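Below is one structure, written out as structure tokens, with a few remarks after it.
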Amino acid sequence: MKKIFTLFLEVLIAMFFSFNLYAIQPTFNLSAINFQFTDSIGTGGVSYDAMTFDIYIHHSNLGSSGPFEFAMGQYYFNVKTIGGVSSDYTYYILPGTTQFTNPNALPRNSTFVMPDATSPTGASLRVNSNTVLGAGNGPIVSSSYPGTRICTFRFKKKVGSFDPINDLGFFQSGTGTYGSNVGSAWRLALPNPFTKIFAYVGTINTDISLQGTYTVDYYYYPYPPPPIIILTNPPNYSTNNSLSVNFNWIGENSVEYNLQISSDSLFNNIIISETIIVDTFKTISGFNINTKYFWRIIARNGLGTSRTSSVWNFTTSPGTVLNLKIIPEGIYYNLFNQLARRDTVTVYLRNTASPYSIVDSSKAVIDSMNFTGSFIFQNTPSGTYYIATKHLNSIESWSKAGGEPMTLNGSTNYDFTTAASQAFGNNLKLKGSKYCAYSGDINQDGIIDASDLIKVYNDSYVGLTGRYIVSDLNGDSVVDASDISTTDNNVFAGILKIIP
């Protein structure tokens with residue numbers, strides 16, 4: 001029995017590895033392109049001391065393999081230079097330049113090794129591997145040429161300049177399949193030093209390095225070089241952003257920027273497209289609450305060359321929430337402890353200092369069973385406010401003296417039903433065990449008087465029926481003697497709006 005079990009286990013293991021061995025692996029082209037030589041020395045482009053280039057990966061057999069889920073990458077270049085040591089140079093990945101949707105796929109710990117005995121040129125630029133992502137977390141590599149930009153790399157000489165043709169280059173060593181655009185002096189290094197690409201084939205992190213081609217497309221760009229764009233604000237994946245957003249980016253070699261904002265990461269539904277001349281900032285207002293947006297910059301230089309930044313996303317604030325409990329007197333049936341119907345209330349948040357200006361407003365439906373509605377405010381900063389409520393035929397009620405503290409993006413609870421003192425001036429009526437807003441202000445002029453009573457009398461006289469009739473105080477869809485009685489009682493009591 002033990003032998004049978006062992007044999008069965010071996011068969012399973014063999015099947016597992018066989019499946020992954022013969023699964024169709026993605027093929028790719030890894031390329032270094034968009035070389036830009038710049039002059040920070042001030043010699044007008046005669047000498048160059050800095051170079052930037054893009055590392056792209058392109059999925060070349062989508063129809064056969066299905067999506068290419070990137071797992072890990074390590075990028076080594078053989079570099080030829082004239083003399084010196086590694087400390088003569090600076091080298092780094094430009095932040096915000098990756099098009100990977102998972103930022104953890106960005107390579108780490110770039111190094112420049114000079115002298116390097118393993119390199120046929122004596123020096124190597126090494127852009128080391130990213131963190132382990134885990135199956136399902138890897139970004140999908142684009143099958144549209146030139147693919148997905150892994151990053152933009154900057155290589156700079158600290159003192160003096162280099163000749164981009166003769167003093168600095170990439171050199172290919174070893175065997176394999178390579179591009180032939182520009183001659184052997186400008187190719188990606190494989191395998192010594194080595195470049196490695198891994199993909200998730202199923203859920204297995206698989207080395208597909210031999211399934212790719214490796215090219216360096218070096219072109220000598222005249223001035224001005226292609227644009228560089230680095231997004232800075234709002235931060236990628238940020239949340240709780242206000243509904244007015246300040247967009248900022250860093251741009252080089254650009255005379256015009258186009259800010260695009262979309263509801264989807266592929267920009268099939270572009271909501272805003274703004275052309276900005278020279279400036280690298282723009283404030284956009286009117287976003288919806290609790291919504292994710294995607295944004296990017298397209299930059300153009302003086303020669304008309306354009307470049308698109310990576311795509312970042314941000315989410316707006318969920319808004320300031322007020323959970324308010326309030327009962328209009330007329331539609332409350334205390335015998336059953338419920339309202340005759342669900343009803344709409346409008347809340348105004350007002351400053352606590354005269355003239356008590358309105359800061360924000362919101363509408364919500366009050367539930368017939370728990371007497372609560374959730375009011376969402378889009379433009380309310382943290383502070384202390386009076387809560388002023390308005391209802392179809394109730395007297396306007398304000399919260400107690402001093403106002404209520406509310407926090408931006410926070411949640412506040414307020415209950416008018418527990419005590420008369422919950423309203424400014426104790427302006428509530430006890431009905432059963434609940435305190436209610438007085439009903440009968442038919443014309444919403446802030447006082448329940450003869451003009452309101454006449455309206456209820458007239459509607460009762462003609463037997464007016466229907467839903468949500470302003471003179472139907474008890475919500476039974478007919479204006480009759482009970483509505484007249486409620487209004488008459490409050491007229492007699494001299495009920496009016498009480499405010500600070």
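Can you find a residue in the stretch 483-493 that is of a type outside the set (V, I, T), touching a Ser or Thr at 6+ places or on another chain (Cβ under 8 Å), closer than 30 Å to G403 by Cβ and assigned to a helix (DSSP H, G or I)?
Yes; the residues of the stretch 483-493 include at least one that is of a type outside the set (V, I, T), touching a Ser or Thr at 6+ places or on another chain (Cβ under 8 Å), closer than 30 Å to G403 by Cβ and assigned to a helix (DSSP H, G or I).
Of all the strands (runs of 3 or more DSSP E) wholly in the stretch 241-349, which have at least 3 residues that are charged (D, E, K, R) and touching a strand residue (DSSP E or B) at 6+ places or on another chain (Cβ under 8 Å)?
Ranges flagged: 292-300.
Among the residues of the stretch 127-139, is there at least one that is of a type in the set (G, A, S), surrounded by fewer than 18 Cβ atoms within 10 Å (Cβ to Cβ), in contact with a strand residue (DSSP E or B) (Cβ under 8 Å, 6 or more places away or on another chain) and in a strand (DSSP E or B)?
The answer is no; no qualifying residue exists.
I'd like the residue in the stretch 19-57 that is part of a loop (DSSP other than H, G, I, E, B), touching a Phe, Trp or Tyr at 6+ places or on another chain (Cβ under 8 Å) and modelled with pLDDT of 70 or more and, out of all such residues, is surrounded by the most Cβ atoms within 10 Å (Cβ to Cβ).
By that ranking, first place goes to P26.
Would you confirm, using the coordinates I've provided, whether D415 is of a type outside the set (S, T, N, Q) and either free of Cβ contacts under 8 Å to residues at least 24 places away in the same chain or over 19 Å from V345 (Cβ atoms) (or both)?
For D415, the condition - of a type outside the set (S, T, N, Q) and either free of Cβ contacts under 8 Å to residues at least 24 places away in the same chain or over 19 Å from V345 (Cβ atoms) (or both) - is not met.
Among the residues of the stretch 93-107, are any more than 24 Å from S265 (Cβ to Cβ) and surrounded by fewer than 17 Cβ atoms within 10 Å (Cβ to Cβ)?
no
I'd like to check something: does the stretch 247-263 contain any residue that is in contact with a Leu (Cβ under 8 Å, 6 or more places away or on another chain), surrounded by 20 or more Cβ atoms within 10 Å (Cβ to Cβ) and hydroxyl-bearing (S, T, Y)?
No, that holds for no residue.
Residue-by-condition table, conditions (1) touching a helix residue (DSSP H, G or I) at 6+ places or on another chain (Cβ under 7 Å); (2) at pLDDT below 95; (3) not in a loop (DSSP other than H, G, I, E, B):
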{"site": "D360", "(1), (2), (3)": "no, yes, yes"}
{"site": "K363", "(1), (2), (3)": "no, yes, yes"}
{"site": "F375", "(1), (2), (3)": "no, yes, yes"}
{"site": "Y386", "(1), (2), (3)": "no, no, yes"}
{"site": "K390", "(1), (2), (3)": "no, no, yes"}
{"site": "L408", "(1), (2), (3)": "no, yes, no"}
{"site": "T417", "(1), (2), (3)": "no, no, no"}
{"site": "Y435", "(1), (2), (3)": "yes, no, yes"}
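Can you work out which of the residues in the stretch 448-470 that are surrounded by fewer than 16 Cβ atoms within 10 Å (Cβ to Cβ) and of a type outside the set (G, A, S) is nearest to I331 (Cα to Cα)?
Y468
Which count do you get for residues in the stretch 392-406 that are part of a loop (DSSP other than H, G, I, E, B) and within 30 Å of N241 (Cα to Cα)?
2
Could you please find all residues in the stretch 419-433 being in a strand (DSSP E or B) and touching a helix residue (DSSP H, G or I) at 6+ places or on another chain (Cβ under 9 Å)?
Answer for the stretch 419-433, where residues must be in a strand (DSSP E or B) and touching a helix residue (DSSP H, G or I) at 6+ places or on another chain (Cβ under 9 Å): K429, L430.
Among (1) touching a Leu at 6+ places or on another chain (Cβ under 7 Å); (2) crowded, with 18+ Cβ neighbours inside 10 Å; (3) more than 30 Å from S394 (Cα to Cα), where does T320 come up short?
Single failed check for T320: (3).
When you scan the stretch 433-470, how many residues do you find that are among the small types (G, A, S) and under 49 Å from the mean Cα position of the chain (by Cα)?
Count: 6.
Please enumerate the residues belonging to the stretch 405-425 that are more than 35 Å from the chain's Cα centre (by Cα) and surrounded by 14 or more Cβ atoms within 10 Å (Cβ to Cβ).
Within the stretch 405-425, F416, T417, A420, Q422, A423, F424, G425 qualify.
Scan (1) touching a helix residue (DSSP H, G or I) at 6+ places or on another chain (Cβ under 7 Å); (2) at pLDDT 90 or above; (3) not acidic (D, E) for the single condition K196 breaks and write down its number.
(2)
Residues of the stretch 58-105 being hydroxyl-bearing (S, T, Y) and at pLDDT 90 or above, which ones?
Correct list: S60, T98, T101.
The values are calculated or read from the model by the stated rules, or taken from the named source; none is laboratory data. Remember, it's a predicted structure, so these values are computed and weren't measured experimentally. Counting neighbours? That spans all protein chains shown, and the Cβs are built from the backbone with ideal geometry, glycine included.
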